[in-house]
Amino acid sequence: MRIGVTIHQAHFDEYVKTATSLGIHTCQFLAWGPSEELTPEYAEHIKKVAQENDMEITAVWRGWRGPTAWNFTEGPHTLGIVPPEYRKDRIYDLKCGADFAVMLGVKDVATHMGFIPEVPTTKEYEEVRDAVREIAGYYLEKGVNLLFETGQETPVTLLRLITDVGTGNLFINLDPANLILYGKANPVDALEVFGKYVRGVHGKDGFYPTDGMKLGREVRLGDGLVHFERLIPKLKECGFDGPITIEREISGDQQIADIKYAKAYLESLF
C-alpha cells in the first residue's frame, strides 16, 4: 500500500509541492469548482504540474454546485443528488467530472451522493436510483468508474444501490471516519458488507456523534476510533492494494503537521 493525500484544486499548484516534500506521491484531486472551469486547457495544466512534481492523481473527487450543510438537520436537504431541486444541475456536474477525469487520464471519480433513502420501496429511493443509473451509464460510456464516498448512508443501503443500478462500474471510496462521524457503522465491520467494492480509501479519523443534530468530531489520524491497525489488514483481505489517501479537514500549519504525523503512523502499520 502507498500513502496519498487529498489536494483541493484551489491550492493544487502549491500543495502538490508540499505533499512531495513530505514524501507523498499520490493524491485525489478535489474538483469543487464550476463545471465550466474543467476545460482541456486546465486539465493540461494540472497534468503538467503533477508530472513536474512526481505526483500521481489516482482519482478525481467531484463536488457539485449549490448549498452544502454537513450536519443531520440541513444535510439531507442540501447534499448530493438526493434533494430533487438540485438534482438536474448536479447530475450535469458529475458528468463533467467524468469528462475531466478522461482529460487527466484518471479512471475513478468519487463523490457524496447525499443521504440515500434507506427504504427501497419508496418513490424517493427509486428517483435517486434512476439518477445514479443515468450518471453511471454516462461514466460507462467514458470508461470511468463512479465511486460513492461513505458516510451519509448505512453500508447495506450503499450495497443495495450499487447492486440495484448494476452497471458494473460502481465502487466505493471508503472514508472510514465518515462512517463514524455520521454514526452509520464501524468501518472495519462495514467491509463485511461492501468490502469487495472498495477502490479508494481515505486516511481520516474521528469520534461518533454525541449530539443528535451534529456530526461526530474529526481528529488527527490515529487519535480516533477508526482503528487502522485492524482496518488495513481487513482491506488487504478484501483485495484492496491501492493508496490510503490522507484527508485532514482543517487548514494551515496544523493540517500539514497532522498529515506528516498520519503518514508516519500509517507507515508504522504497513
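Answer yes or no: is there a residue in segment 87-100 that is under 23 Å from F29 (Cα atoms), not in a helix (DSSP H, G or I) and not aromatic (F, W, Y). Checked segment 87-100: no residue is under 23 Å from F29 (Cα atoms), not in a helix (DSSP H, G or I) and not aromatic (F, W, Y). Checked against the criterion of being surrounded by 22 or more Cβ atoms within 10 Å (Cβ to Cβ), hydroxyl-bearing (S, T, Y) and under 23 Å from P187 (Cβ atoms), the candidates T154, T111, T163 yield just one match: T111.
For L225, are the conditions met, namely being among the aliphatic types (A, V, I, L, M), crowded, with 19+ Cβ neighbours inside 10 Å and modelled with pLDDT of 95 or more? Answer is no for this residue. Within segment 1-38, the set of residues being more than 24 Å from E149 (Cβ to Cβ), touching a helix residue (DSSP H, G or I) at 6+ places or on another chain (Cβ under 8 Å) and either outside any helix (DSSP H, G or I) or among the β-branched types (V, I, T) (or both) comprises just one member, G23. Cβ separations smaller than 6 Å between residues 6+ apart or across chains give the following pairs from segment 81-97 residues that are more than 18 Å from L38 (Cβ to Cβ) and modelled with pLDDT of 95 or more to residues that are assigned to a loop (DSSP other than H, G, I, E, B) and of a type in the set (V, I, T): R87/I81.
So which residues in segment 231-263 are within 17 Å of M1 (Cα to Cα) and loosely packed, with under 14 Cβ neighbours inside 10 Å, if there are any at all? P233, K236, E237, G239, D241, listed by residue number. Annotation note: of F171, F207, the sole residue that is surrounded by fewer than 24 Cβ atoms within 10 Å (Cβ to Cβ), touching a strand residue (DSSP E or B) at 6+ places or on another chain (Cβ under 6 Å) and modelled with pLDDT of 95 or more is F171.
Residue pairs whose Cβ atoms lie under 9 Å apart, sitting 6 or more positions apart in sequence or on different chains, and linking a residue in segment 158-184 that is of a type in the set (G, A, S) to a partner that is in a strand (DSSP E or B), are A177/H202; A177/G203; A177/D205; A177/G206; A177/E218; A177/V219.
Here's the yes/no breakdown for (1) under 25 Å from F240 (Cα atoms); (2) touching a Lys or Arg at 6+ places or on another chain (Cβ under 8 Å); (3) without any contact (Cβ under 8 Å) to a residue 40 or more places away in the chain:
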residue: G23; (1), (2), (3): yes, yes, no
residue: L30; (1), (2), (3): yes, no, yes
residue: H45; (1), (2), (3): no, no, yes
residue: A50; (1), (2), (3): yes, no, yes
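The values are calculated or read from the model by the stated rules, or taken from the named source; none is laboratory data. What you are looking at is a predicted structure, and each value in this text was computed from that prediction instead of being measured. Glycine also receives a Cβ, built like all others from the backbone with ideal geometry; neighbour counts cover every protein chain displayed.
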